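Structure first, then comments.
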Amino acid sequence: MKAENFFTIIAANIRMHYKYTLLPGIALLFVIPFVYGTANLDCLQSADCLERMTALIGISMFTPLIRQEHSRGLYETIAFRQVSLGFIVLLRIVLSVIGSILLILVFALYMRFCGCSFPLFPYAFRTLAASMALGFTGLLLSSIVRNTIGGYLCAFCFYFMVQTGKLGGGFRPVTNGIQFALVLFLVCVGLAIVCFGKPTYC
């Protein structure tokens, strides 16, 4: 693939998805200070804020990445292109990871500016892991049910299960650190999304 074609694909995917991924994520971050409060939090309170609230951007950043392909006609058109859908999905995931990193770092810096006390980069990295767990869940299940709204609902159900402790502490990486179970989950779900995470039609 020529470099100019690669950058054209990147630009096209950014144009198609930023309204459904980046903008809702930014809107959520603007709301958090009014819902949770982000001033003068200690280390534990900061971890709770990042884990409960900031990590939610993963749902918007990842879940709608294949929403266009839920249209059967559009999917059949894409399926016959030279670039595989698996590659396109992987590219979109990478772009969403980069966007999530930027949003999380900006918000974490804002919290530090507001007097919160926590290790910046370790907590930002753990928040990214938490957001990816939510987003990957929504993305995979939206592919299975062939509906983006269904993916959102499944991701929020997963979120509430994590927050109520039904899945144990392994899926709360900001508070408990990144554990092997979470890494294995992200790797397996990520591979499933890239290899099989596309609508199937009879």
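Regarding residue 175, is this residue among the hydroxyl-bearing types (Ser, Thr, Tyr), touching a residue at least 24 places away in the same chain (Cβ under 8 Å) and open to solvent by 30 Å² or more (accessible area, probe 1.4 Å)? When the stated conditions are applied, residue 175 passes them.
Within the range 20-38, the set of residues being without any contact (Cβ under 8 Å) to a residue 24 or more places away in the chain and in a loop (DSSP other than H, G, I, E, B) comprises 36, 37. Checking each residue in the range 1-47 for being modelled with pLDDT of 85 or more and of a type in the set (D, E, K, R) picks out 19, 42. Can you tell me which of 66, 59, 93 is open to solvent by less than 50 Å² (accessible area, probe 1.4 Å), among the hydrophobic types (A, V, I, L, M, F, W, C) and modelled with pLDDT under 90? When all the criteria are applied, what remains is 66.
For the range 151-170, filtered to residues that are at pLDDT 90 or above and touching a helix residue (DSSP H, G or I) at 6+ places or on another chain (Cβ under 6 Å), the residue that is most open to solvent (accessible area, probe 1.4 Å) is 152.
If the condition is being over 10 Å from the mean Cα position of the chain (by Cα), open to solvent by 20 Å² or more (accessible area, probe 1.4 Å) and at pLDDT 95 or above, then the range 124-149 contributes 125, 126.
The values are calculated or read from the model by the stated rules, or taken from the named source; none is laboratory data. Note that the structure is a prediction, hence the values are computed from the model and not measured. Positions of Cβ are backbone-derived with ideal geometry, glycine not excepted, and every protein chain shown enters the neighbour counts. Heads up: the accessible areas ignore ligands, DNA and RNA and are worked out on the full protein's heavy atoms, side chains in. Shrake-Rupley method; radii C 1.70, N 1.55, O 1.52, S 1.80 Å.
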